[in-house]
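Just below is one structure, and these are the notes that go with it.
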Amino acid sequence: MGDSKEAGAESPPAGAAARGGLSLLSQGESEEPSAQGSALFLGGNEVKSRAVVKYSSAPPRTAFARLEEKTDLKLPPANWLRESAKLGPAGTTILGNSKKSKPFSSFGMAYDFIDSVGNDVDVVSDSENIKKLLKIPYSKSHVSMAVHRIGRTLLLDELDIQELFMRSSQTGDWTWLKEFYQRLIDQKWQRKKKSKEHWYQKAILSKFLYYSINGDGAAQPVPSAAEQQESSSSDQTNDSDGASWPAPFEMPSSVSEDPSASSQGLKNDFVRNILWTFEDIHMLVGSNMPIFGGGRYPAVSLRLRDNNKPINVLTGIDYWLDNLICNVPELVMCFHVNGIVQKYEMIKTEEIPNLENSNFSTKVIKDIAQNILSFLKSNCTKEGHTYWLFKASGSDIVKLYDLTTLCEETEDKYQNPFTMPVAILLYKVACNMMMKKNQNKKHYGTIRTLLLNCVKLLDKSRHPQIIASANYMLSELFQLDEPKKEESSESPLNENSDESYSEEEEEMPDSDENGSYSTSSDPSDDNKAVAIIKSVGELSVPEKYKSIHQIRPSCTFPVCHDTEERCRLVLSYVLEGLKSVDSSIKKESDLPAADPNTPIPLKYEDDSTRGGPEGLEKQMALFLDKMGSLQKGNYSSQSGMIPGSWQHKMKLQLILKSSKAYYVLSDAAMSLQKYGRALRYIKLALQSHDTYCCLCTNMLSEVLLFLSQYLTLCGDIQLMLAQNANNRAAHLEEFNYQTKEDQEILHSLHRESSCQGFAWATDLSTDLESQLSVSCKCYEAANEILQFSDLKSQNPEHYVQVLKRMGNIRNEIGVFYMNQAAALQSERVVSKSVSIAEQQLWKKSFSCFEKGIHTFESIDDATNAALLLCNTGRLMRICAQAHCGAGGECRREFSPEEGLYYNKAVDYYLKALRSLGTRDIHPAVWDSVNWELSTTYFTMATLQQDYAPLSRKAQEQIEKEVSEAMMKSLKYCDVDSVSARQPLCQYRAATVHHRLASMYHSCLRNQVGDEHLRKQHRVLADLHYSKAVKLFQLLKDAPCELLRVQLERVAFAEFQMTSQNSNVGKLKTLSGALDIMVRTKHAFQLIRKELVEEFDQPKSDESTPAADSSPSLNREEVIKLLSIFESRLSFLLLQSIKLLSSTKKKTSSNTEEDVVLKTNKQIYSQLLRAIANKNATLLERIDILLHLLDQLARGSGVL
């Protein structure tokens, strides 16, 4: 504020253009001296003073004319009372009432320099008021001023009690203040008339100034009222003064947008506005003092003095302060006796405090200024209140009253004429700070306080526009699209506090140390006063009151702990704004009837002149019609709002704000999994948006983006409701609940629209299919909005998200129809043909999958496209299974339809793998697709093997196809990668090898002739049996399968032995078969372990088996396999004994063979006894077998 860059010309403030055509000074014609902005050292005591002209309407300075001695000033000059460019406005107003401050002069300045109010400047006032305050300890004159606080700025205006009471007598206004004044201050109040001497002095000064400008200016007559002689009666002057006081302020809507209108007395009509820094006090001051210059004297002030009357202290202070404020270095004094000019005298500004009979200390003046400012700031704490600083004539006591509180005790609390200007200023300061809110969010608390106090001052019925606008700005302070960042919230603000600012000085009245002013209840004191200065002499004591450096507003923004609290605050302000707008709209019955003789003006506009917005509106209408939500003929307000009116504009903004708040609330509820509440909020958001669309005449693309986002969220909510059907009752309860605030906002919306535009999207259905369908429709609508408004290129991230959701919901619906088809299939028991219902469900499911795949491919989402291709493959398998069951119980062949659908499934799985490209893209999806593909090949091969289509194909061809399918299944079955699916893969691979081995074993039994082919089958069977055993041995939960494979290997060995002729060959084969028998020991150990666990497990504990990863043992199968094993083992042992015995007879004794023979006989004997024991339990039989296998392994050397 004190930077040198502010010196000289300034940029025009807001509103300056409307100030009677006054022009700003350019740098070259600055009327201020070159020393502007420098510190002046005056009266021997250093006092820092700096003045920067912010605005000036004065013409370039000209030199004054030094009058000849003996010039008679009582005679009027030729140009007297005529406008003069050289003298400026002072020429015509020197006898008028601008010398006296107008009641709202500080407001006029504040409106023009709104940037300074509330933050940078301590005081805004007329220079006359500043001088009057600083002269209080020296003067016996009365002081009466209105004080208002805006932020840290005080606005001071003269409160002319005589003027007010004259008006009260005529109009009845201010009667409450008049009664209060007479009761407590001056019981015998009467109008004091000004003396003849007063008017004589004013007239002679006016004539002196006109003489001093040489009279050669282009003089023009002024209005007749100003051409009155100095003898004009006081009543005439009083009338003109009275006109500056408005009635209790009532501002129509047409005026409210220009609160600085001169018709309200709020015009800034000072010749210059100066930013004056006096010590550490920053003041915005208005001054009309004429300044002359040129030649030897670049800037001087001109004064007229009666030579017979010495200059007193009051006059000296007056002259000194005027020169300081305007930064004028010299004073020219013209002395006269009875109107006859005697002499001129030049006095430097810094010498004025040392003039004879006018000695005063500049340091004391500084102390007075600081003390008065501290006193006012410490006690004028309530923003928006009107305070009255009063000192009676001849009294040493200064009292401060809160007129707002006194006025509220009357019947009409809006009688205070300052209410409206203060409210407007609060509003304008808040507006100005809002424009810069993004630059500095620490001002949010201050803006909020300004607006709350503005609303508190205004009558809702009289000023709906300002109240609505203030509430809208309050709602704008809270960020809805990001988490709240508390930048200035060291201490939370008390929401219910009536105080605008909390300051340390507010408790000063109770301090003994600074007890010069108090709110004492002593009967001698006025208990209605807020504070009292008991003696004006104390103002001269240095630092009697606290330093103004510590008087700074501390206003914090309310801390919102969560999103819902923040949104609720926003909606409360929106509701108040809507109420204000609605209350201002006249009902249809109140509107004047149309005059049949007056044509209705119609505005035509060429379509070619309209830009994009109209196209958007047309496309929006088509879109709403397509969605089934277009309300025919409803494109205007139902309440009678006129498009373009302030009500229309404001309601649009408030409605849009409410829709955003409800959207954020819905999103927050969604994240908390409160889906019923989320649907209720998004319904309110869409109802608000629907009303906006009905009222809006110029659709913005930003608003369409909001709608796309709302519909996207609505789709998410409907999908989650579909997936959480088990909590439907709780969701329904949340959905139907509604706060009073929400009801009132909805009521305001219904004044304009039926709000049914998007009802289809926000119904809480109990039908799963309906919910999924609505969700899909929401996403499609959101996407369509992005398409026709070309928002997809501007918001690529949102566009991709919408398409992903579209692909996902189509997958969900496809899976839903697929599961329904599978359910129908499971219910169909004996039917020989696939039902039409099943086929319809297949078509619906396939269509959804296809659309979803296309959607994901359009945004290059390979992973999700692969998942949908995988689901399509699964659908093909369900179709194949349906045809598998269509043949009934007698069916024994693999049908062509099954083969067709399984091959289609394979194609889709292969497409999915191609879509992914490599496993690195998404390993989990890649593994899943591989598994499904392996399963498909395995199922197809198994069915062909179990239900061979021998009526259509040769056995060899079938075997070839089964073998190829099984090998492909193995190819896509990853047994090596460690994962949760690895045991499944190992089991699958083992089963494949087992089936292939069984197939080749069967071929070998049935094959006759081609020895080469038989050998090949023998080798393949042996190979696959070996691989199957190895894989089954890796698994802990497949002992039966392992045992079965081993038994088949034994059978395979027996079959080979039948074709052998030599005993040596047979013995070798038998030895291999017994070796296989010994190796089944691992399988029996696993079976025994499971039997023991089942036996030890308490019967009451039913949860443990379910928790176990391995399936429970099939006892019947174990018994069956055990019987087969015992039978084959006894057979092999018997054959071994026979062969060894016959060999022993023919050949000499072989010790090794003798040992084997003896062992086999013992084992065979024990086995026969065990088989014969029918009372043995399963566990006992297994224990005996394990014991026998141990013996067999030791006796034959087989491990």
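The values are calculated or read from the model by the stated rules, or taken from the named source; none is laboratory data. In this text the structure is predicted, and so the values were computed from the model without any measurement. Backbone-built Cβ (ideal geometry, glycine too); neighbour counts: all protein chains shown. SASA here: full protein model, heavy atoms, side chains in, ligands and nucleic acids out. Shrake-Rupley method; radii C 1.70, N 1.55, O 1.52, S 1.80 Å.
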Does ASP920 satisfy the condition of being more than 27 Å from ARG828 (Cα to Cα), modelled with pLDDT of 90 or more, open to solvent by 50 Å² or more (accessible area, probe 1.4 Å) and charged (D, E, K, R)? no
Go through the stretch 280-370 and tell me which strands (runs of 3 or more DSSP E), entirely inside it, have 2 or more residues that are over 23 Å from SER212 (Cα atoms) and among the β-branched types (Val, Ile, Thr). 281-287
How many residues, within the stretch 326-347, are in contact with a helix residue (DSSP H, G or I) (Cβ under 9 Å, 6 or more places away or on another chain), within 17 Å of THR315 (Cβ to Cβ) and open to solvent by 10 Å² or more (accessible area, probe 1.4 Å)? 1
Could you identify the single residue in VAL1064, VAL1050, VAL1045 that is closer than 14 Å to GLU1126 by Cα and either among the aliphatic types (A, V, I, L, M) or touching a His at 6+ places or on another chain (Cβ under 8 Å) (or both)? VAL1050
What tally of residues in the stretch 938-958 results from selecting those that are open to solvent by 70 Å² or more (accessible area, probe 1.4 Å) and either within 20 Å of VAL906 (Cα to Cα) or of a type outside the set (A, V, I, L, M, F, W, C) (or both)? 7
Tell me which of these TRP276 doesn't satisfy, since it passes every other one: (1) at pLDDT below 90; (2) in contact with a His (Cβ under 9 Å, 6 or more places away or on another chain). (1)
Considering the stretch 802-832 alone, what residues qualify as being modelled with pLDDT under 85 and either under 19 Å from PHE856 (Cβ atoms) or not in a helix (DSSP H, G or I) (or both)? ARG828, VAL829, VAL830, SER831, LYS832
Going through the stretch 23-73 one residue at a time, which ones are at pLDDT 50 or above, of a type in the set (A, V, I, L, M) and open to solvent by 50 Å² or more (accessible area, probe 1.4 Å)? ALA63
Matching helices (runs of 4 or more DSSP H) fully within the stretch 1103-1177 where at least 2 residues are modelled with pLDDT under 75, under 60 Å from the mean Cα position of the chain (by Cα) and surrounded by fewer than 16 Cβ atoms within 10 Å (Cβ to Cβ): 1103-1107
I'd like to verify a number: residues in the stretch 894-907 that are open to solvent by less than 60 Å² (accessible area, probe 1.4 Å) and over 56 Å from the mean Cα position of the chain (by Cα), how many? 3
Could you tell me whether any residue of the stretch 1032-1048 is part of a helix (DSSP H, G or I), open to solvent by 40 Å² or more (accessible area, probe 1.4 Å) and of a type in the set (Phe, Trp, Tyr)? no
If you scan the stretch 648-663, which residues turn out to be of a type outside the set (Lys, Arg) and buried (at least 23 other Cβ atoms within 10 Å of the Cβ)? LEU654, ILE655, SER658, SER659, ALA661, TYR662, TYR663
Would you call LEU1035 out of contact with any Phe, Trp or Tyr (no Cβ under 7 Å at 6 or more places or on another chain) and without any contact (Cβ under 8 Å) to a residue 60 or more places away in the chain? no
Output the number of residues of the stretch 784-801 satisfying the condition of being open to solvent by 20 Å² or more (accessible area, probe 1.4 Å) and either within 27 Å of GLN840 (Cβ to Cβ) or assigned to a helix (DSSP H, G or I) (or both). 9
In the stretch 282-314, how many residues are of a type in the set (Val, Ile, Thr), open to solvent by 10 Å² or more (accessible area, probe 1.4 Å) and modelled with pLDDT of 90 or more? 0
Sole exception among (1) closer than 17 Å to TYR908 by Cα; (2) open to solvent by 20 Å² or more (accessible area, probe 1.4 Å); (3) of a type in the set (A, V, I, L, M, F, W, C) for VAL925, by number: (2)
Taking the stretch 802-837 on its own, how many of its residues are surrounded by 18 or more Cβ atoms within 10 Å (Cβ to Cβ), within 24 Å of the chain's Cα centre (by Cα) and touching a residue at least 60 places away in the same chain (Cβ under 8 Å)? 2
Residue check, TYR902 in contact with a Gly (Cβ under 9 Å, 6 or more places away or on another chain) and at pLDDT 90 or above: no
Long-range neighbours under 8 Å by Cβ, at least six apart or interchain, first residue closer than 14 Å to SER658 by Cβ within the stretch 745-760, second charged (D, E, K, R) and open to solvent by 20 Å² or more (accessible area, probe 1.4 Å): SER748/LYS579; SER748/ASP582; ARG751/ASP582
So the check is Cβ under 6 Å with 6+ separation or different chains; which pairs have a first residue in the stretch 140-164 that's under 10 Å from SER106 (Cα atoms) and a second one that's at pLDDT below 85 and not in a helix (DSSP H, G or I)? ASP157/PRO103; GLU158/SER101
